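Colleague: Mind looking over this structure? Questions follow.
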Amino acid sequence: MAFLADALSRVKPSATIAVSQKARELKAKGRDIIGLGAGEPDFDTPDNVKDAAVDAIRRGETKYTPVSGIPDLRKAISEKFKRENGLDYAPEQIIVGTGGKQILFNALMATLNAGDEVVIPAPYWVSYPEMVAICGGTAVFAETRLEDQFKLTAEALDAAITPKTKWLIFNSPSNPSGAAYSADELRAITDVLLRHPHVWILTDDMYEHLTYGDFEFTTPAQIEPKLYDRTLTMNGVSKAYAMTGWRIGYAGGPLELIKAMDLIQGQQTSGTNSIAQWAAVEALNGPQDFVVKNKKIFEARRDLVVSMLNQAAGISCPTPEGAFYVYPSCAGLIGKTAPSGKTIETDEDFVTELLETEGVAVVHGSAFGLGPNFRISYATSEALLEEACQRIQRFCAACK
């Protein structure tokens, strides 16, 4: 009898975590490494949010909380959905989890049976297919194209849906591509879903507040109210409020699904950190000027990185609408010889040689299900980004 569960054979380690770990190891050896793999803001959590956490500690808010979240936070989330997204979720339709990842995982665990399919547009966040696999489902990938800005088309979605499809996981703005869907683009997707009433939609809106220029964010149930009863709208405070380590994600959805997720969470974590929940109340209800200020900083970084990458030989980088990632193609380098003498045959070869030669850590696109590309997180200083892009330009020029 095998000791470890068979499910582990279906799961791969996180490539983004692996890249960050490799960068740390090389730094520890004295190498000059610029790490562009981590998906978290480099800003500190706002002071008013930290003060709210300290106040909660001093008030003695240190006991177990309700499994689905403290009433004040569920009320704040309900009001946020109404205020910013035009969605009516009563507090009892809200669940708070230990980061968005737990929300997604519990939703899949509560709904998937063996043979159920989940449509995931590629490129995708590395954890989506692994969560589906752990929960016994089958991931079905709908590929996107660079010429479409890595956005799922109605035709590709329709082709991916079968009678076994239970969910579409939809992420806008996207990790890893930064692609965000306009209202018209989103309408094309929701029109397809209306034709397939057995398919639910799990929206990952974690990067909602990180969109640039005059782009206006919308979410599927907002665009098509007829999908409200089969949509789980997930979000969190990690990215917009620089609160990754606080581990607060949340979702609104049909009461039956929320109760099922609550049942699982009650046997899993018994609820989310009490102090982090009170901090999240302040993040959602307090001043939002921090979000606006940081958006402008991220937008300037995006423009710098896109411009410099498009000046690198063999690299093509579209301009994304949101998040803090770019997803350039390195197709022009495939088949060339790196300075080490190794032939670059894949995007993984490209990022490995780039790290070894120039000390720039990025994530290969095949880890996100679509290559030959690589992901850069521009959630770091302009000075480091400029230096990293200069190193990338130098590396690409040296490939023959």
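Colleague: Let me spell out the model: positive unit charges on the Cβ of Lys and Arg, negative unit charges on the Cβ of Asp and Glu, origin at the Cα centre of the chain. What dipole size does that give, in debye rounded to 20?
Modeller: Using Cβ point charges on Lys, Arg, Asp and Glu, the chain gives about 760 debye.
Colleague: I want the local charge near residue 339. Using Cβ-Cβ distances under 14 Å, sum +1 for each Lys or Arg and -1 for each Asp or Glu among the other residues.
Modeller: +1
Colleague: Between 0 and 90 degrees, rounded to the nearest ten: what's the tilt of helix 15-28 against the longest Cα principal axis of the chain?
Modeller: Rounded to the nearest ten degrees, it is 60.
Colleague: Please give the per residue accessible area of the stretch 1-53, computed with a probe of 1.4 Å over protein heavy atoms only, in Å².
Modeller: Accessible area per residue: 67 Å².
Colleague: Another question, then. In whole Å, how far is the Cα centre of the stretch 230-293 from that of the stretch 303-349?
Modeller: After rounding, the separation between the Cα centres reads 35 Å.
Colleague: Which is farthest toward the positive dipole end of the stretch 214-363 among 243, 228, 285, measuring Cα position about the Cα centre, with Cβ charges +1 (Lys, Arg) and -1 (Asp, Glu)?
Modeller: 285
Colleague: Using only alpha carbon pairs under 8 Å that are at least six residues apart, calculate the relative contact order of the stretch 118-240 and give it in whole percent.
Modeller: Relative contact order, the stretch 118-240: 23 percent.
Colleague: How many Å² of accessible area per residue for the stretch 247-400, probe 1.4 Å?
Modeller: Here the per-residue accessible area is 37 Å².
Colleague: Next up: At what distance in nm do the modelled label points of residue 398 and residue 63 sit from each other, each positioned 7 Å from its Cα along Cα→Cβ?
Modeller: That separation, rounded to one decimal, is 6.2 nm.
Colleague: Counting only other residues whose beta carbon sits under 11 Å from that of residue 273, what net charge do I get with K and R as +1, D and E as -1?
Modeller: Local net charge: 0.
Colleague: Which residues does a label at residue 195 reach in the stretch 142-173, if reach means a backbone N under 20 Å from a point 7 Å past the Cα toward the Cβ?
Modeller: Hits in the stretch 142-173 for residue 195 at 20 Å: 142-145, 151-170.
Colleague: Just flag the trypsin sites (Lys or Arg not before Pro) in the stretch 30-93 sitting in loop per DSSP whose Cβ has no more than 12 other Cβ atoms within 10 Å.
Modeller: 31, 59, 63
Colleague: In addition: Please compute the net charge surrounding residue 349, taking Lys and Arg as +1 and Asp and Glu as -1 over other residues with Cβ under 14 Å from its Cβ.
Modeller: Neighbour charge sum, excluding residue 349 itself: -3.
Colleague: Could you tell me the extents of the stretch 289-400's C-alpha atoms along the three principal axes, largest first, rounded to whole Å?
Modeller: Result for the stretch 289-400: principal-axis Cα extents of 50, 28, 20 Å.
Colleague: Now, a different point. Tell me, what does the Kirkwood hydrodynamic radius of the stretch 282-331 come to in angstroms if you use every pair of distinct C-alpha atoms?
Modeller: Evaluated on the stretch 282-331, it is 12.5 Å.
Colleague: If you roll a 1.4 angstrom probe over the protein chains with everything in place, what fraction of the accessible area of the chain belongs to carbon and sulfur, to the nearest %?
Modeller: Solvent-exposed carbon and sulfur of the chain make up 53 percent of the total.
Colleague: Compute, for the stretch 1-111, the length of the dipole vector about the Cα centre, with Cβ point charges of +1 (Lys, Arg) and -1 (Asp, Glu) only. Units Debye, rounded to 20.
Modeller: Computed charge dipole of the stretch 1-111: roughly 400 debye.
Colleague: Starting from the Cα coordinates of the chain, work out the convex hull volume and express it per residue in Å³.
Modeller: 157
Colleague: Please give the helix 47-58 orientation as an angle from the longest Cα principal axis of the chain, in degrees from 0 to 90, rounded to the nearest 10.
Modeller: 50
Colleague: Write out the chymotrypsin sites (Phe, Trp or Tyr not before Pro) in the stretch 34-129 meeting two conditions: DSSP loop, and at most 12 other Cβ atoms within 10 Å of their Cβ.
Modeller: Passing both the DSSP loop test and the Cβ count: 64.
Colleague: So, one more: Taking loop as defined by DSSP and a crowding limit of 13 other beta carbons within 10 Å, which GluC sites (Glu not before Pro) in the stretch 270-363 fit?
Modeller: Answer by residue number: 345.
Colleague: Can you give me the angle between helix 71-85 and the longest principal axis of the chain, using Cα atoms only, in degrees from 0 to 90, rounded to the nearest 10?
Modeller: The answer is roughly 60 degrees.
Colleague: Within the stretch 132-166, what residues put their amide N at less than 19 Å from the label point 7 Å along the Cα-to-Cβ vector of residue 10?
Modeller: 132-142, 161-166
Colleague: Okay, next question. Antiparallel DSSP bridges in the chain: what percent, to the nearest 5?
Modeller: Restricted to the chain, the bridges split so that about 45 percent are antiparallel.
Colleague: What is the magnitude of the charge dipole of the stretch 241-369 about its Cα centre, with +1 placed on the Cβ of each Lys and Arg, -1 on the Cβ of each Asp and Glu, and no other charges, expressed in debye to the nearest 20?
Modeller: With Lys and Arg at +1 and Asp and Glu at -1, about 340 debye.
Colleague: Follow-up. Over the chain, what relative contact order in percent results from Cα pairs under 8 Å that are six or more residues apart?
Modeller: 22
The values are calculated or read from the model by the stated rules, or taken from the named source; none is laboratory data. Quantities reported herein were computed from a predicted structural model and do not represent experimental measurements. Cβ atoms come from the backbone with ideal geometry, glycine included; neighbour counts cover every protein chain shown. When the accessible area is computed, the model is the full protein with side chains, heavy atoms only, and any ligands, DNA or RNA have been set aside. Shrake-Rupley method; radii C 1.70, N 1.55, O 1.52, S 1.80 Å.
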